[in-house]
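The values are calculated or read from the model by the stated rules, or taken from the named source; none is laboratory data. None of the values given here were measured: they were computed from a predicted structure. FYI the Cβ positions are ideal-geometry reconstructions off the backbone, even for glycines, and counts take in every protein chain you see.
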């Protein structure tokens, strides 16, 4: 048989070749289609976080910045948008808030407005586009524009530590009940008066905002007060925030402290711990948020920010002979080195926490000695008294230019003792006790008189309170004994 194929057989290889070419062409077309489909599908996937040069928002990421397309600027100055917001196109770092973001900012702005933080509220609302945000912004701007210069009286009322257990305070087993009945206010009375003061348009004001001190000339100048129309500035001060030993078993708080959330608390009850005849600690006490005026006033202002102008609270007036806030920092020789460090740091923390929360701290004399009351204090005694407060109390509670006079005593402007207080000690705000509550400027100092809100005034001289504030009969504690 011939090794060559017949003509009929020779046509078969040619037919197979055409078929192979056709199949190859089909495969090429299919491959092109598959590649195109993959590219289209891949372009629709979200950014996986790899460095692709541009994010969906049009921002360029910097491979050296660690950015993963979440809107961070390479220099760290941009706002992250990982909270669900996006950024404006063109690489700008202005966030577009989500509805939830706007609602939160509007609520925060509303709280700021209630506390008279108008500028802060306006800044927070700027850039928000919802109608509700715009309405709140207009409200803040209108309230700011509506502030008026206050030309009336500035009011100043004061208290001592609050009685929290009337049974112990008035049982005559410790300090004489008559003294507590005259000079103290009970917790229930204090709690009841706060809403009445708010209803009567009083707003807490910082005493240091009433004047301006020129360090070059030593002059003290009156500062204007601007408030919403109808509001009246009120200063509150609290004398002897020291928690003396004689009070520890008489129904008062034992001392102040700061909790884990940065709030001032009171230690109440417990048993005094003695060492070498001295009370050096309290054990088995209860931590409370209503054991004295500081935590009570803080809580009321948190709930009613309209009672506090831009966060102002009160003035804590401290003596020195029993330490500060219930911690015996002026008797350090009673304690070990570790205990000394602990109580000194404790006082610093309490003072700073109070100041951060709108409180001022004042000198109430170191000794609270009777030579203040009868004005027989000599220059040597005055230098000793003020010197110890400046050196042993002020370093731990912070600088102060306020002297709350012990026993409410006042001096004439040209009295050399008063000159020493103002010129040498730097106490250019001086607060005695007088029912008229006048505020007077004398060139290098300001005198602001205070009215005592205590049992004596509420029972014997109620008209002094009724004239400006409310009828004290509305709050008078029924557990008070009769007053002769």
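The table that follows gives values for the structure above.
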{"quantity": "Within region 403-424, tally of residues that are more than 16 Å from residue 390 (Cβ to Cβ), in a helix (DSSP H, G or I) and either outside the structural domain of residue 364 (by TED's automatic domain parsing) or out of contact with any strand residue (DSSP E or B) (no Cβ under 9 Å at 6 or more places or on another chain) (or both)", "calculated": "2"}
{"quantity": "Test for residue 251: is it part of a loop (DSSP other than H, G, I, E, B) and either in contact with a strand residue (DSSP E or B) (Cβ under 9 Å, 6 or more places away or on another chain) or free of Cβ contacts under 8 Å to residues at least 40 places away in the same chain (or both)", "calculated": "yes"}
{"quantity": "Odd one out for residue 166 among (1) surrounded by fewer than 18 Cβ atoms within 10 Å (Cβ to Cβ); (2) more than 21 Å from residue 469 (Cα to Cα); (3) modelled with pLDDT of 95 or more", "calculated": "(1)"}
{"quantity": "Given (1) closer than 28 Å to residue 386 by Cα; (2) over 18 Å from the mean Cα position of the chain (by Cα), number of the condition residue 285 does not satisfy", "calculated": "(1)"}
{"quantity": "Residue satisfying condition, being within 24 Å of residue 394 (Cβ to Cβ) and surrounded by fewer than 24 Cβ atoms within 10 Å (Cβ to Cβ), within set 317, 299, 322, 312", "calculated": "322"}
{"quantity": "Every residue from region 254-266 that is in contact with a strand residue (DSSP E or B) (Cβ under 6 Å, 6 or more places away or on another chain) and farther than 17 Å from residue 313 by Cβ", "calculated": "254, 255, 257, 259"}
{"quantity": "Sole residue being under 20 Å from residue 364 (Cα atoms), surrounded by fewer than 20 Cβ atoms within 10 Å (Cβ to Cβ) and at pLDDT 95 or above, chosen from 462, 432", "calculated": "432"}
{"quantity": "Residue under evaluation residue 345, criteria (1) closer than 20 Å to residue 429 by Cβ; (2) part of a helix (DSSP H, G or I), criterion not met", "calculated": "(1)"}
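Condition check ((1) touching a strand residue (DSSP E or B) at 6+ places or on another chain (Cβ under 6 Å); (2) within 20 Å of residue 208 (Cα to Cα); (3) in a loop (DSSP other than H, G, I, E, B)) across all residues:
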{"site": "355", "(1), (2), (3)": "no, yes, no"}
{"site": "362", "(1), (2), (3)": "yes, yes, no"}
{"site": "368", "(1), (2), (3)": "no, no, yes"}
{"site": "381", "(1), (2), (3)": "no, no, no"}
{"site": "390", "(1), (2), (3)": "no, yes, no"}
{"site": "426", "(1), (2), (3)": "no, yes, yes"}
{"site": "435", "(1), (2), (3)": "yes, no, yes"}
{"site": "440", "(1), (2), (3)": "yes, yes, no"}
